[in-house]
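Just so it is clear, none of the values below were taken in a lab; they were calculated from the coordinates. It should be emphasised that the depicted structure is a prediction, and the values quoted were computed from it without experimental measurement. Note that each Cβ is placed from the backbone with ideal geometry, even for glycine, and that neighbours are counted across all protein chains shown.
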Amino acid sequence: MKTFILRLETQDDVTSIRDKLGWAKAARILLAFPRRRPPVLSRLDIILIQRAASQMGGQLAFTTRHPDSIKLAKLLGIPVFTSIQSAQRMPWLTADRKHRLPVRRRSERANLVELRKGLLSEPDQPTPNLLRYTAFMLGALAFLTLVLLFVPAAVIEVPITVEVQTINMTVRPTVGSTSVLPGVQIPAAAVHTTVAGQLETVATGEMLVPDASARTTLLVTNQTDQSIPIPTGTVFMTSASSPVRFLTQARAELAAGFGQTIELQAQAELPGSFSNLPAASINAAEGPIGLLVKVTNTTPAEGGTDRPGRSASESDYNQLYDALITSLTETAVHNLEAVYGNELMIISESMKVDRIVEEQRQPAVNTPADRAKLSLVVDISGLAVSRTDLEAAAAPSMDAALPKGKSVEPGSYSFEGVNPPLILSDGRIVWDIQATRNVVQTTQFQNIPALVKGHQITDAQQLVQNHLGLNHPPAINLNPSWWPRLPLIPFRIEVTGT
């Protein structure tokens, strides 16, 4: 039967629900209450909604889990369901149409003895002992067979002699080449890196180093009518573009009155002979006091001396530069080998400095110092050749000399420069390289498992030694170790070369 489902909201009331019932066109009207916060409806509200549904000729039902709504619905004879699916699947019965239990009719008393006999089945006939023993033995035999076939395993280690094959070849790395060409011309790849380092050495430059400071007597004249305090360390100086500064050695008080004078002892701020000045050379005061007084040195400034000392020279930094560039070039080669060592072979003689990124000298040239330190950051570039290309260049000649019955061990190629690369005037490179690889005897192991299956260890060792023509018997490891024979199934036997 068609059902009109009206889903209620929390804010619905009796008026809005009755308005929504006007859209119902089915004989059954199902009000679906929300699980959380159902609308609050009183008993009168539900009666009015039920009456409106009856006037439209429809039967009303609820789907709700709210206890108050269920209680009111049962009081008014409205069917209540737990879900919309159950409301569509089950019949709508009102509260006044309760199911009646069928009346049990009196019948004759059942014969319990007969019923019991009918329930009991005939007892099973006992299985003969011989049959049971036979079945047990067959199961045990099957288990032992599986153990014999699949539990034991063996590893046969065949000793294989490894020989070294070597060849010398001359290669010509060429920038721009894309493949190995006749005449052993191979592509050269450009590599570059940035490295930093520093070196220091004993300074070898010579210069006069300031030693002692000059001293003099100053005559200070008051230009005001007030007394003027002169603290210790007051600065008086020359008026040249690069003034020589003198500092008073004691605190003094200049008496009040225009033209009052006082004599003060002063010492040059910096040591050196440059502070030796003639009389009347000091004529200015530093700070606010310079507007209040007039000053001059009544005696020459004397006592400033110099002594021979060391300084950083241009020669020191040139030597540091050459040594540091050599060291940084070696560092660049090591860095590139660490990055490309498995792929490229770096041509160290091709490395050159592309750019000085940063240069620091401590101290500057002709500055007094016992040591000179140079720091550099440089971009260095060079050429490298691919180990794959070297292998392609060496393989044809080495394969031609490969003994019969021997094969190359994969990944065993190695290369080493015989002589330093020769860089010609036009930039071409000629390089003598020694190529080395390992070769082993070609051995077929496929037939060995079938040959030794089920044999004892000593017999299996003799069979393998004779089959492969070995000088020494192979090692055979059984698992479990106490197992007396090799497995009966060949795939449980593994053969490896050592």
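Values as computed for the structure displayed
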| quantity | calculated |
| --- | --- |
| Highest average packing first - 171-177, 2-8, Cβ atoms within 10 Å | 171-177, 2-8 |
| The stretch 420-478 versus the stretch 265-279: alpha-carbon centroid distance in Å | 89 Å |
| Residue-count net charge about Ile46 - beta-carbon cut-off 14 Å; Lys, Arg +1, Asp, Glu -1 | +1 |
| All Cα pairs of the stretch 344-498, percent lying beyond 26 Å | 61 percent |
| Student exercise, the stretch 273-385 dipole from Lys, Arg, Asp, Glu Cβ charges, in Debye to nearest 20 | 640 debye |
| Cα lying deepest toward the dipole's positive end in the stretch 3-89, options Thr64, Ser16, Ile49, charges on Cβ | Thr64 |
| For the stretch 3-89: relative contact order, % (alpha-carbon pairs under 8 angstrom, 6 or more apart) | 29 percent |
| Gain in span if fully extended, Ser397 to Gln85, counting 0.36 nm per residue against the direct Cα distance | 103.8 nm |
| Alpha-carbon centroid distance for the pair the stretch 307-343 / the stretch 159-216, whole angstrom | 10 Å |
| Global geometry of the stretch 3-89, whether rounded, prolate or oblate, following the gyration tensor of its Cα atoms and the 1.5 cut on a/c | rounded |
| Viscosity 0.692 mPa s, temperature 37 °C, Stokes-Einstein D of the stretch 208-307 from Kirkwood C-alpha radius, µm²/s | 244 µm²/s |
| Share of alpha-carbon pairs per 5 Å distance bin for the stretch 309-364, given as whole % | 4, 14, 22, 19, 13, 10, 8, 5, 3, 1, 0 |
| Label-point separation in nm, Trp482 to Val202, each point 7 Å along Cα→Cβ | 7.9 nm |
| Difference of contour (0.36 nm per residue) and Cα-Cα distance, Thr217 to Arg132 | 17.1 nm |
| Summed residue charge, Cβ within 15 Å of Ala395's Cβ, Lys/Arg positive, Asp/Glu negative | -1 |
| Fully extended contour minus Cα-Cα distance, from Glu302 to Ala284, at 0.36 nm per residue | 4.6 nm |
| Debye intensity ratio I(q)/I(0), log10, the chain, q values 0.08 Å⁻¹ (C-alpha model) | -0.84 |
| Cut-off 13 Å, label 7 Å out along Cα→Cβ of Ala190, residues of the stretch 320-361 by amide N | 352, 354-355 |
| Summed side-chain charge close to Gly405 - residues other than Gly405 whose Cβ falls under 15 Å, Lys, Arg +1, Asp, Glu -1 | -1 |
| Those residues of the stretch 469-492 whose amide nitrogen sits under 16 Å from the label point placed on Thr443, 7 Å along Cα→Cβ | 469-477 |
| Sorted peptide list for 252-258, 420-426, 189-195, criterion being average Cβ within 10 angstrom, highest first | 189-195, 252-258, 420-426 |
| CD proxy at 222 nm, helix term only [per DSSP H run n ≥ 4: -39500 (n - 2.57); per residue of the chain; nearest 500] | -8000 deg cm²/dmol |
| Pairwise FRET efficiency - Phe143 versus Arg43, Cβ, R0 = 60 Å, nearest 0.05 | 0.20 |
| Pairwise label distance in nanometres, Thr232 with Ile423, each label 7 Å out on the Cα-Cβ vector | 6.6 nm |
| Packing-based order for 240-246, 134-140, 480-486, using average beta carbon neighbours within 10 Å, highest first | 240-246, 480-486, 134-140 |
| Global geometry of the stretch 338-415, whether rounded, prolate or oblate, following the gyration tensor of its Cα atoms and the 1.5 cut on a/c | prolate |
| Proximal lysines to Lys71, defined as alpha-carbon separation beneath 22 angstrom and excluding residues fewer than eight positions away on the same chain | Lys98 |
| Normalised contact order of the chain, rounded percent, pairs of Cα under 8 Å and 6 or more residues apart | 17 percent |
